[in-house]
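Enquirer: Shown below is the structure under consideration.
The values are calculated or read from the model by the stated rules, or taken from the named source; none is laboratory data. All values derive from a computational prediction rather than experimental measurement. Here the Cβ positions follow ideal geometry from the backbone for every residue, glycine too, while neighbour counts run over all protein chains shown.
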Amino acid sequence: MGHRPWTMSTASFYSIALTIIVLDQISKFTVQQTLDLGQIIPIIPSFFNLTYVLNPGAAFGFLSGASAAFRGPFFITVSVLAVLFILYYRSHYRGMGLLPSLGLACILGGALGNLVDRLRLGMVVDFLDFYYGSYHWPAFNLADSAITVGVALMIFEILTERGKG
């Protein structure tokens, strides 16, 4: 008898995505209410700050220099297409394993969290600022973190499944 992978219920899938959206929006709201734009609060000297920045681009400032007339509709369209793809994929492959389901839930929650910002502000609130010496990682937020974790889980699943074949 073959091994059946652990799966995730539909309710759990959407609960995880919703939790990410809520935590992301609460954290961004808190930053906007307590910090001035551009303000930096050192948390771990020479490593981590909280800072309030608005990112008109995507991850790592991608397309931040493009015109707002292009950038806004482009990122909103890409986000909506990504969300629709995830919803379609999830509905057609419900028996997928736990890790890819968790990965997709994280990506969905993160994409929707940043989409809320784009619809509300025209850009994304970032506030997590890591650096070491002159090496500085671009500021990011909880939605970005969830997307990164989700993609890492998907890659891990693909790599470990390949090894089984």
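Enquirer: Looking at this structure, is Gly109 touching a helix residue (DSSP H, G or I) at 6+ places or on another chain (Cβ under 7 Å), touching a residue at least 60 places away in the same chain (Cβ under 8 Å), over 24 Å from His136 (Cα atoms) and small (Gly, Ala, Ser)?
Expert: Numbers: touching a helix residue (DSSP H, G or I) at 6+ places or on another chain (Cβ under 7 Å): yes; touching a residue at least 60 places away in the same chain (Cβ under 8 Å): yes; over 24 Å from His136 (Cα atoms): yes; small (Gly, Ala, Ser): yes.
In short, yes.
Enquirer: Let me ask something additional. Hey, does the range 128-138 have a residue that's assigned to a helix (DSSP H, G or I), surrounded by 14 or more Cβ atoms within 10 Å (Cβ to Cβ) and not aliphatic (A, V, I, L, M)?
Expert: Residues of the range 128-138 assigned to a helix (DSSP H, G or I): none.
No: zero hits.
Enquirer: Give the residue, chosen from Arg71, Arg120, that is among the charged types (D, E, K, R), part of a helix (DSSP H, G or I), over 15 Å from the mean Cα position of the chain (by Cα) and surrounded by 14 or more Cβ atoms within 10 Å (Cβ to Cβ).
Expert: Arg71
Enquirer: Something else: Working only within the range 13-48, note down all residues that are in a helix (DSSP H, G or I) and free of Cβ contacts under 8 Å to residues at least 12 places away in the same chain.
Expert: From the range 13-48, those in a helix (DSSP H, G or I) are 13-34; that's our starting set.
Correct list: Ser15, Val22, Ile26, Phe29, Thr30, Gln33, Thr34.
Enquirer: Which numbered condition in (1) surrounded by fewer than 21 Cβ atoms within 10 Å (Cβ to Cβ); (2) among the β-branched types (Val, Ile, Thr); (3) outside any helix (DSSP H, G or I) is the only one that Val125 fails?
Expert: (1)
Enquirer: Now for a separate question. Tell me, yes or no, whether the range 56-67 has at least one residue that is in contact (Cβ under 8 Å) with a residue 40 or more places away in the chain, among the hydrophobic types (A, V, I, L, M, F, W, C) and in a helix (DSSP H, G or I).
Expert: Yes, because at least one residue in the range 56-67 is in contact (Cβ under 8 Å) with a residue 40 or more places away in the chain, among the hydrophobic types (A, V, I, L, M, F, W, C) and in a helix (DSSP H, G or I).
Enquirer: Continuing with this model, one more query. Are any residues in the range 74-97 small (Gly, Ala, Ser), surrounded by 11 or more Cβ atoms within 10 Å (Cβ to Cβ) and in contact (Cβ under 8 Å) with a residue 40 or more places away in the chain, and if so, which ones? Before you say what the answer is, go through the steps one by one.
Expert: Applying the first criterion (small (Gly, Ala, Ser)) to the range 74-97 yields 79, 82, 91, 95, 97.
Add one more test, that the residue is surrounded by 11 or more Cβ atoms within 10 Å (Cβ to Cβ), and what stays is 79, 82, 97.
The answer is Gly97, and nothing else.
Enquirer: A follow-up question, please. Condition test on Leu84, is it closer than 26 Å to Ile26 by Cα, more than 13 Å from the chain's Cα centre (by Cα) and not charged (D, E, K, R)?
Expert: On the way: closer than 26 Å to Ile26 by Cα: yes; more than 13 Å from the chain's Cα centre (by Cα): yes; not charged (D, E, K, R): yes.
The answer is yes for Leu84.
Enquirer: Go through the range 77-110 and report how many residues are among the hydrophobic types (A, V, I, L, M, F, W, C) and in a loop (DSSP other than H, G, I, E, B). Give the steps one after another, and end with the answer.
Expert: Start the filter on the range 77-110 by keeping residues that are among the hydrophobic types (A, V, I, L, M, F, W, C), which leaves 78, 80-87, 96, 98-99, 102, 104-108.
Within this subset, residues satisfying the condition of being in a loop (DSSP other than H, G, I, E, B) are 96.
Counting residues in the range 77-110 that are among the hydrophobic types (A, V, I, L, M, F, W, C) and in a loop (DSSP other than H, G, I, E, B) gives 1.
Enquirer: Any residue in the range 147-165 that is in a helix (DSSP H, G or I) and of a type in the set (A, V, I, L, M) sitting within a Cβ distance under 9 Å of a residue that is surrounded by 11 or more Cβ atoms within 10 Å (Cβ to Cβ) and modelled with pLDDT under 90? List the pairs, counting only those 6 or more apart or interchain.
Expert: Ile147/Ala59
Enquirer: When the range 17-37 is examined, which residues are found to be among the hydrophobic types (A, V, I, L, M, F, W, C) and loosely packed, with under 14 Cβ neighbours inside 10 Å? Step through it out loud before you land on a result.
Expert: So in the range 17-37, the residues among the hydrophobic types (A, V, I, L, M, F, W, C) come out as 17-18, 20-23, 26, 29, 31, 35, 37.
Val22, Ile26, Phe29, Leu37, listed by residue number.
Enquirer: Restricting attention to the range 44-68, which residues are at pLDDT 90 or above and surrounded by 13 or more Cβ atoms within 10 Å (Cβ to Cβ)?
Expert: Step one: list which residues in the range 44-68 are at pLDDT 90 or above, which gives 44-55.
Scanning the range 44-68 gives Phe48, Asn49, Leu50, Thr51, Tyr52, Val53, Leu54, Asn55.
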